[in-house]
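Working notes, structure below.
The values are calculated or read from the model by the stated rules, or taken from the named source; none is laboratory data. Predicted, not measured: the structure shown is a model, and the values here were computed from it. Backbone-built Cβ (ideal geometry, glycine too); neighbour counts: all protein chains shown.
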């Protein structure tokens, strides 16, 4: 089996969703870490607040990751199609 062409828009949409899911996971970890820092800062009497920024990361990170994933996959698929036209594509062996 040889992959000779990838539909750029279709690949970009699928991977944008994958990157958005990854962004959600990263955002959850970032929110937890920010909450921890906020708790430590308040325990020491510091006025630095991280809580609101951490909660916003659960919204911002999936959107940011999804948009960047879409654009980069779109560019990558176009470049792949150009390279596959010259080199003949990627050959896969399946059983």
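Residues that are at pLDDT below 85 and touching a helix residue (DSSP H, G or I) at 6+ places or on another chain (Cβ under 6 Å) do occur in the stretch 38-45, at least one of them. Search the stretch 69-93 for residues being assigned to a loop (DSSP other than H, G, I, E, B) and out of contact with any strand residue (DSSP E or B) (no Cβ under 6 Å at 6 or more places or on another chain), and hand back the single one that is farthest from residue 13 (Cα to Cα). Checking each candidate, the answer is 93.
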